[in-house]
1. Which residue out of Leu113, Leu97, Leu148 is at negative phi, at pLDDT 95 or above and either surrounded by fewer than 16 Cβ atoms within 10 Å (Cβ to Cβ) or not in a helix (DSSP H, G or I) (or both)?
2. Taking the stretch 43-61, which residues are open to solvent by less than 10 Å² (accessible area, probe 1.4 Å), within 15 Å of ligand 2 (Cβ to nearest atom) and touching a strand residue (DSSP E or B) at 6+ places or on another chain (Cβ under 8 Å)?
3. Specify the residue that is least open to solvent (accessible area, probe 1.4 Å); the eligible residues are those in the stretch 1-42 that are acidic (Asp, Glu) and closer than 17 Å to His94 by Cα.
4. For the stretch 82-92, indicate whether the set of residues that are assigned to a loop (DSSP other than H, G, I, E, B), modelled with pLDDT of 95 or more and not small (Gly, Ala, Ser) is non-empty.
5. Among the residues of the stretch 177-210, which ones are in contact with a helix residue (DSSP H, G or I) (Cβ under 6 Å, 6 or more places away or on another chain) and in a strand (DSSP E or B)?
6. Which of the residues spanning the stretch 23-42 are more than 14 Å from ligand 2 (Cβ to nearest atom) and of a type in the set (D, E, K, R)?
7. Among the listed residues Asn44, Asn56, identify the single one that is within 16 Å of ligand 1 (Cβ to nearest atom), touching a Gly at 6+ places or on another chain (Cβ under 9 Å) and within 21 Å of Asp164 (Cβ to Cβ).
8. Can you pull out the residues in the stretch 79-94 that are farther than 11 Å from Ala68 by Cβ and open to solvent by 60 Å² or more (accessible area, probe 1.4 Å)?
Amino acid sequence: MQQMWTDIDTYIDSHLIPEDPILTQTLKHTEERGFPDHLAVAPNQGMLLQMLIQMNKCKRVLELGTFAAYSTMWLARALPEDGYILTIEGRDTHAALGQENIDRANLAQTIELKCGRAADILRSLPDDTEAFDFIFIDADKQSYPEYLELSLKLSHSGTIIVLDNVIRAGEILNPENHKPSIEGIRDMFRAMQNHPRLLSSTALQTIGSKGHDGFAIAIVK
Ligand code: DHB
Ligand code: MG
């Protein structure tokens, strides 16, 4: 089935996702530097993130897990001139690559990349940090419950939170799988269930060029 899923994503992309030299250059540079592309969002998912930002006229965006900054660029494209993205990456090698891609795309004015453990960086933000309008959680899955709580502290009523990779080819249902990443996702689902600070939440499975996975989405009350 994987080949068909990939072919259909190619079909969707060729019809609905316009070529963008900046995004193409970012993927090419990432590959040239020897990094795998499976961590990056699929183009049609990048477009969905962009559209969520546009629909809600978001200006301040927080991203946890930059990797090559490919998703960050999708987020940036949706922002007005005075938009701002804080993106946090835990691995030095990924942060260096992400910063290179941001600089090459001339987006350093809009995108601030911080390198370090996301939870530590979020806790060390000044008390008067303005809340974010859109939050994309895509870092280590083990820490998703913690990232959700920290994100809520930096949210206002109406903030949208998207959490990537919450299905993992169905491994969340495999009773034998106790990997910290999978347990982290299960704990996230439990935390989102009837969460007092969330207005509504759902999750969608996705199949496509990145296999079988999915994302969760929530609106802050
Ligand atoms: C992995 C992480 C991601 O954020 C993703 O989108 C795909 C895969 C991973 O850790 O394997
Ligand atoms: Mg991801």
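The values are calculated or read from the model by the stated rules, or taken from the named source; none is laboratory data. Just so it is clear, the structure is predicted and the values come from calculations on it, not from any experiment. Quick reminder, even Gly has a Cβ in these numbers, built from the backbone with ideal geometry, and neighbours come from all protein chains shown. We work out accessible area using only protein heavy atoms, side chains counted, and drop any ligands, DNA or RNA first. Shrake-Rupley method; radii C 1.70, N 1.55, O 1.52, S 1.80 Å.
1. Matching residue, one of Leu113, Leu97, Leu148: Leu113.
2. Hit for the stretch 43-61 is Leu49, nothing else.
3. This residue is Asp37.
4. yes
5. Of everything in the stretch 177-210, those that are in contact with a helix residue (DSSP H, G or I) (Cβ under 6 Å, 6 or more places away or on another chain) and in a strand (DSSP E or B) turn out to be Ser201, Ile207, Gly208.
6. Passing the criteria: Lys28, Glu31, Glu32, Arg33.
7. Values: Asn56 fails: within 16 Å of ligand 1 (Cβ to nearest atom).
Answer to the selection: Asn44.
8. Within the stretch 79-94, Glu81, Asp82, Arg91, Asp92 meet the criteria.
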